[in-house]
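S.K.: Below is one structure. I have some questions about it.
Please treat every number below as a calculation from the coordinates, not as lab data. These numbers were taken from a predicted model, which means no experiment stands behind them. Methodologically, a virtual Cβ is constructed for each residue, glycine included, from the backbone with ideal geometry; neighbour enumeration extends over all protein chains shown.
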Amino acid sequence: MTAKKRERLEVIKDVLNTIRENRQIKPTRLLYASNLSPQMFKEYISELLNKKFIKLEIDDKEKKFFVLTKRGQDFLQEYKLIENFIENFGL
Amino acid sequence: MTMSLILLENKWILEFLYTLIIVAICLAIVFKADRFVRLSSHQGIRYFRNAFLFYGLAFSMRYVLGIFYDFSLNHLGLIRGIFEYSLVMAGFFLLYSLIWKKFEFSKLDKNTSLFNGKVIIFHLIAIIISVADVLFGNYYFMFSSQIMTFFFASIISFFNYRKRKQYKFPKFYFIAMLLGLIVWILNFLTASVFNWNYLFLLDIGLINGIFFLILLYGVIKITKNDSKKA
């Protein structure tokens with residue numbers, strides 16, 4: 001049996017949740033955790049950065065990390081409501 | 001004085017209050033939905049929001065149209081065209097919010113929801129319908145298009161209700177779409193058989209009001225209820 005294809009919002013929620021759980025996460029680790037192809041991962045990350053849901057930080061050792069922003073936290077809090085809205089109105 | 005006379009004598013006040021209520025409901029839905037659009041960029045919510053943006057515009061234009069008609073002002077055709085175009089677009093957006101997933105395959109947020117490649121077809125059809133009605137001096141193109149729109153929306157929302165029994169609102173959404181269909185059929189009959197009888201129009205306005213109230217109720221309930229399924 002094949003797994004159900006994740007909806008766009010579900011992917012975003014999963015990516016943001018992974019970042020929240022780790023507080024900060026390296027791009028490569030996030031790619032593995034997200035279960036996305038590198039191309040799709042790149043597109044999702046660019047969307048999340050554009051929306052300011054996440055930001056890219058660089059530490060003293062020049063290592064890159066993704067961290068969740070306030071907007072990203074707001075999205076995760078409202079995700080259930082948004083999902084309910086979509087299901088109830090058949091959108 | 002009979003009730004019907006009172007209603008007829010206060011036509012302008014009634015029309016004004018009715019417009020105010022419907023436009024306020026539409027704006028409330030637009031703002032509530034827009035909050036989710038900004039967070040999620042979900043195309044379905046965008047199209048749903050757009051529907052009520054156009055309903056708000058259409059009902060405002062309907063009131064202006066009444067003034068133009070009663071005082072025989074110039075540019076009546078233009079106002080009527082904008083009114084019909086907005087109303088037809090609102091119906092199209094509402095229907096498209098239910099079926100957009102069948103036509104849009106990109107999972108990422110790339111396009112605007114008001115003028116993208118798919119929606120432009122609706123704009124063209126809405127313009128053709130409103131121009132045809134203005135040219136022929138009737139409303140039958142709009143009525144026919146909206147009867148078909150709500151017929152399909154009723155069928156789709158019925159299947160959504162059957163599929164999503166764990167949620168409470170799809171049943172009400174289906175009822176709202178049925179009411180929408182009834183409103184358009186009655187509009188058609190009032191124009192073609194009852195010669196725009198004002199009391200008939202008042203009844204239609206009442207059913208239409210219920211249609212908007214059901215949808216507002218759903219939007220408020222779902223955007224408020226953060227822990228349970230609405």
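S.K.: Restrict the check to segment A:78-86 and report whether at least one residue is touching a residue at least 60 places away in the same chain (Cβ under 8 Å), of a type in the set (S, T, Y) and either surrounded by fewer than 19 Cβ atoms within 10 Å (Cβ to Cβ) or more than 23 Å from B:K102 (Cα to Cα) (or both).
M.R.: Yes, segment A:78-86 has at least one match.
For (1) of a type in the set (S, T, Y); (2) touching a Phe, Trp or Tyr at 6+ places or on another chain (Cβ under 7 Å); (3) over 27 Å from B:E15 (Cα atoms), each residue gets a yes or a no:
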{"site": "B:A126", "(1), (2), (3)": "no, yes, no"}
{"site": "B:L186", "(1), (2), (3)": "no, no, no"}
{"site": "B:L189", "(1), (2), (3)": "no, no, no"}
{"site": "B:Y198", "(1), (2), (3)": "yes, no, no"}
{"site": "B:L201", "(1), (2), (3)": "no, no, no"}
{"site": "B:I214", "(1), (2), (3)": "no, yes, no"}
{"site": "B:G218", "(1), (2), (3)": "no, yes, no"}
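S.K.: So, one more: So, in segment A:1-34, of the ones that are of a type in the set (S, T, N, Q) and touching a residue at least 24 places away in the same chain (Cβ under 8 Å), which residue ends up farthest from B:S40 (Cα to Cα)? Steps first, please.
M.R.: Narrowing segment A:1-34 to residues of a type in the set (S, T, N, Q): A:2, A:17-18, A:22, A:24, A:28, A:34.
Those left that are additionally touching a residue at least 24 places away in the same chain (Cβ under 8 Å): A:17, A:24.
Working: A:N17: 15, A:Q24: 22 Å.
Filtering segment A:1-34 for residues that are of a type in the set (S, T, N, Q) and touching a residue at least 24 places away in the same chain (Cβ under 8 Å), the one farthest from B:S40 (Cα to Cα) comes out as A:Q24.
S.K.: Then there is this: Any residue at all in segment B:179-190 that's buried (at least 17 other Cβ atoms within 10 Å of the Cβ), facing chain A (nearest Cβ under 10 Å) and out of contact with any Leu (no Cβ under 6 Å at 6 or more places or on another chain)?
M.R.: No: segment B:179-190 contains no residue that is buried (at least 17 other Cβ atoms within 10 Å of the Cβ), facing chain A (nearest Cβ under 10 Å) and out of contact with any Leu (no Cβ under 6 Å at 6 or more places or on another chain).
S.K.: Shifting gears a bit: Restrict the check to segment B:194-205 and report whether at least one residue is surrounded by fewer than 17 Cβ atoms within 10 Å (Cβ to Cβ) and among the β-branched types (V, I, T).
M.R.: No, every residue in segment B:194-205 fails to be surrounded by fewer than 17 Cβ atoms within 10 Å (Cβ to Cβ) and among the β-branched types (V, I, T).
S.K.: In addition: Pick from segment A:33-76 the residues that are assigned to a strand (DSSP E or B), surrounded by fewer than 18 Cβ atoms within 10 Å (Cβ to Cβ) and not aliphatic (A, V, I, L, M): which of them is nearest to the other protein chains (Cβ to nearest Cβ)?
M.R.: Of the residues in segment A:33-76, the ones assigned to a strand (DSSP E or B) are A:54-58, A:64-68.
Remaining after also requiring surrounded by fewer than 18 Cβ atoms within 10 Å (Cβ to Cβ): A:55-58, A:64, A:67.
Filter again for not aliphatic (A, V, I, L, M), leaving A:55, A:57, A:64.
Values: A:K55: 17, A:E57: 23, A:K64: 22 Å.
Applying the filter and picking the extreme gives A:K55.
S.K.: Which residue pairs have Cβ atoms under 8 Å apart, sit 6 or more places apart or on different chains, and have a first residue in segment B:147-171 that is more than 8 Å from chain A (Cβ to nearest Cβ) and a second that is part of a loop (DSSP other than H, G, I, E, B) and of a type in the set (K, R)?
M.R.: Pairs found: B:Q166/B:K229.
S.K.: Right, another one. Going through segment B:166-192 one residue at a time, which ones are in a helix (DSSP H, G or I), of a type in the set (S, T, N, Q) and more than 14 Å from the chain's Cα centre (by Cα)?
M.R.: Matches in segment B:166-192: B:T190, B:S192.
S.K.: Still on this structure, please answer the following. Pick out, from segment B:1-85, the helices (runs of 4 or more DSSP H) lying fully within it that include 1 or more residues that are within 14 Å of chain A (Cβ to nearest Cβ) and of a type in the set (S, T, N, Q).
M.R.: B:11-40, B:43-70
S.K.: Go through segment A:1-32 residue by residue and tally those that are in a loop (DSSP other than H, G, I, E, B) and in contact with a Lys or Arg (Cβ under 6 Å, 6 or more places away or on another chain).
M.R.: Qualifying residue count, segment A:1-32: 0.
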